[in-house]
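Please read the structure below before turning to the comments.
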Amino acid sequence: MTPRPIDYTGGRLDRAAGVRTDPARLATLRAEPDTRLVPVWRDRCPVTGEPAVPVHLTVAGPGTGFTDREAVFLGLDGTTGVFAVDLSELAEEQAVALTGADRTMDVRSCVGRLDPAEAAVQAYARGILHWHRHQAFCGTCGAPTAPRDGGALRACPGADCGRLLFPRIEPAVIMLVESAGTPRRCLLARHHGSAEDAYSLLAGFVEIGESLEEAVRREAAEE
């Protein structure tokens with residue numbers, strides 16, 4: 001049996017850095033009828049059906065109402081543009097109605113039923129829009145920031161600042177702690193909000209000045 005690829009890997013999008021910095025090309029892509037829109041509502045994706053799958057929208061789709069909405073350029077799927085659109089300012093029922101979905105769901109709850117490349121797109125859209133919502137102001141001077149380069153960064157307009165803000169990636173570790181002898185055993189954890197039969201490996205964020213190995217030892221000891 002062919003092993004299933006790891007979820008969120010195998011993304012097929014071309015991040016197209018050259019397109020990001022070309023406002024005219026972005027505008028053309030944004031107006032093309034087959035351009036794909038990935039809606040996100042407060043870190044959740046609108047879904048339909050059972051089992052649930054994220055809704056797929058296009059610029060020319062009926063009743064989408066996304067013409068004037070700001071969108072973040074995710075990349076190209078072949079020659080088709082893919083943009084993420086944040087609906088977080090709406091009530092949940094409004095976001096569901098606007099997208100033609102049945103409900104919203106955390107992407108982590110449905111990722112196992114998605115093609116890994118599709119899961120990667122959903123995770124990308126969720127993550128970049130989460131960052132945009134939480135980077136509305138410059139951390140140096142406090143001025144409102146504005147998206148630039150298709151949403152790949154945000155810029156501070158302050159005359160004495162002008163800082164460019166990029167999405168931050170926070171390194172983390174995950175580990176399987178096994179017994180050295182017999183019987184063979186491993187250490188698992190269960191979050192207090194998880195189902196009774198749900199267990200996971202130990203994991204945690206790497207702290208400043210810490211190696212991956214040091215993070216593994218610290219996290220295992222803390223758990």
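Using the Kirkwood radius over C-alpha pairs as Rh, can you work out the diffusion coefficient of the chain via Stokes-Einstein at 37 °C, viscosity 0.692 mPa s, in µm² per second? List each step's numbers first, then the result.
Numbers: Rh = 20.0 Å.
Estimated diffusion coefficient is 164 µm²/s.
Unpartnered cysteines of the chain (Cβ-Cβ under 4.7 Å counts as a partner)?
C45, C110, C186
Tell me what the chain gives for mean residue ellipticity at 222 nm when only DSSP H runs of n ≥ 4 count, each as -39,500 (n - 2.57), the sum divided by the residue total, rounded to 500 deg cm²/dmol.
Values: 6 runs with 55 residues, N = 223.
Counting only the DSSP helices, I get -7000 deg cm²/dmol.
Once phi is turned into θ = phi - 60°, what whole-Hz ³J(HN,Hα) does the Karplus curve with 6.51, -1.76 and 1.60 give for every residue of the range 183-190, x standing for Gly and Pro?
x, 5, 9, 9, 9, 10, 10, 9
Quick one: if you stick a label point 7 Å off each Cα along the C-beta vector at L90 and H134, how many nm between them?
Distance between label points: 2.4 nm.
Of the heavy-atom accessible surface of the chain (probe 1.4 angstrom), what whole percent is carbon and sulfur?
Using a 1.4 Å probe with all protein chains present, the chain comes out at 55 percent carbon and sulfur.
Quick check for you: with a 1.4 Å probe and neighbouring chains kept, what is the accessible area per residue of the chain, in Å²? Provide the component values of the computation, followed by the final result.
Numbers: 13260 Å² over 223 residues.
So the chain comes to 59 Å² accessible per residue, rounded to a whole number.
V38's amide H: which non-local residues (gap 5+, or another chain) put their own amide H closer than 5 Å, with H modeled 1.01 Å from N in plane and none for Pro or chain starts?
Correct list: F83, A84, V85.
I want to check the label-to-label distance for C141 and S194. Put each point 7 Å from Cα in the C-beta direction and report it in nm to one decimal.
If labels sit at C141 and S194, their model points lie 4.7 nm apart.
R25 to V177: extension gain in nm, 0.36 nm per residue of separation minus the Cα-Cα distance?
So the chain would gain 49.7 nm between R25 and V177.
Tabulate in residue order the Karplus-calculated ³J(HN,Hα) for the range 134-143, using 6.51 cos²θ - 1.76 cosθ + 1.60 with θ = phi - 60°, rounded to whole Hz; enter x for Gly and Pro.
With coefficients 6.51, -1.76 and 1.60, one gets 9, 10, 6, 10, 6, x, 8, 10, x, 6 Hz.
Give a residue-ordered list of calculated ³J(HN,Hα) values for the range 33-42 (Karplus: 6.51 cos²θ - 1.76 cosθ + 1.60, θ = phi - 60°; whole Hz; x for Gly, Pro).
With the stated coefficients, the range 33-42 comes to x, 8, 4, 8, 10, 10, x, 9, 10, 6 Hz.
Given a Förster distance of 22 Å, report the FRET efficiency between T48 and T9 from their Cβ-Cβ distance, rounded to the nearest 0.05.
0.30
If you fit an axis through the alpha-carbon atoms of helix 212-222 and take the longest principal axis of the Cα set of the chain, what angle between them do you get, 0 to 90°, nearest 10?
So the helix axis and the longest Cα principal axis differ by about 70 degrees.
First check a/c for the range 94-223, with a ≥ b ≥ c the square roots of the eigenvalues of its C-alpha gyration tensor; if it is under 1.5, answer rounded, and if not, answer prolate when a/b is larger than b/c or oblate otherwise. Could the numbers behind the result be given before it?
Values: a/c = 2.96, a/b = 1.45, b/c = 2.05.
Oblate shape, in that a/c is at least 1.5 and b/c is the bigger or equal ratio.
Nearest-5 percent of antiparallel DSSP beta bridges in the chain?
On the way: 29 of 34 bridges.
Looking only at bridges with both residues in the chain, the antiparallel portion is about 85 percent.
The values are calculated or read from the model by the stated rules, or taken from the named source; none is laboratory data. Note that the structure is predicted; figures quoted are calculated from it, not measured. Here the Cβ is made from the backbone with ideal geometry for all residues, glycine too, and neighbour counts use every protein chain on show. Please note that ligands, DNA and RNA were not included when accessible areas were found on the heavy atoms of the full protein model with its side chains. Shrake-Rupley method; radii C 1.70, N 1.55, O 1.52, S 1.80 Å.
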